[in-house]
Amino acid sequence: MVPIIQLLKIAKTYKIGTEIIHALRSVSITIHKNEYVALMGPSGSGKSTLMNILGCLDSPSSGEYNLNGTSVSQMMDNKLAEVRNKEIGFVFQSFNLLPRSTALDNVMLPLIYAGFSKADRIKRGVEVLEQVGLADRIKHKPNELSGGQRQRVAIARALVNNPAIILADEPTGNLDSKTSIEIMELLEQIHKNGNTIVLVTHEENIAKHAHRIIRLKDGELEHDYQNENIITIHKKLIPN
């Protein structure tokens, strides 16, 4: 089986003045379809750099990155943008919604870049908003939604193109405890429905929802292990 993500000796260096910063040092990771992985590490560990490479927002200085069987390590920006749109669904801490657009318009945005017709965009957009429990909020703008509802819109947008992976960067960072649990319930169900999830977090209790935990330190892979104490939420929020 071809891995969804295969990183082979990935390194990333930056030059600041005369100083060379080694953000990542020979990191190798393999993630298969339908895994649920938490990526952790303190500030300066290389976690954000690795997330940017996984999300095709940046390219490694050396090493090989294969995403869903395609080498993306040295792709030009226009090709990386195409891969991002088709293969990766992003969920950000700050939601990154267009403030003057409705929930439906926000969710449909990736489909415009993918070349879908308006009718197909509306059909798919409504479908995923229903999937995340926002069927009655499709015409609402972000300022008319709660923080949890905004994150649900962001998750629906991430799902709309049926991507190979969902990359969630601190998805509960701006939410209260109760709403955080609701968002983790939703991600759990999305995983059960067959999606591959990479969750970037610094919170131990959030990481424990994942089935596998990868820890970085000083740009290197420190630990990579199966989580034996998975936090499972049994409440079902979205249909299969």
Nearest 10 degrees, 0 to 90: helix 118-131 Cα axis against the chain principal axis: 80 degrees
Dipole of region 63-116, positive direction: furthest Cα of GLY115, THR70, SER101, with charges on the beta-carbon: SER101
For the chain, convex hull volume per residue from C-alpha positions, Å³: 137 Å³
For PHE116, net neighbour charge (Lys/Arg +1, Asp/Glu -1) across residues whose Cβ lies under 10 Å away: +3
Student exercise, the chain dipole from Lys, Arg, Asp, Glu Cβ charges, in Debye to nearest 20: 600 debye
Interatomic Cα distance distribution for region 130-231, bins of 10 angstrom, percent: 13, 45, 31, 9, 2
Farthest positive-ward along region 1-136 dipole, Cα basis, beta-carbon charges - from ASN34, TYR14, SER59: TYR14
Cα-based convex hull, region 49-120, per residue volume (Å³, whole number): 110 Å³
Local net charge near GLY63, Cβ-Cβ under 12 Å (Lys/Arg +1, Asp/Glu -1): +2
Entries of LYS33/LYS208; LYS118/LYS139; LYS33/LYS192; LYS15/LYS47; LYS192/LYS217; LYS12/LYS47 with Cα pairs more than 21 Å apart: LYS192/LYS217
Gain in span if fully extended, THR30 to SER177, counting 0.36 nm per residue against the direct Cα distance: 49.8 nm
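Any read-out appearing in this document is the output of simple, stated calculations on the displayed coordinates, not a laboratory observation. All of these numbers come straight from a predicted model, not from anything done at the bench. Note that each Cβ is placed from the backbone with ideal geometry, even for glycine, and that neighbours are counted across all protein chains shown.
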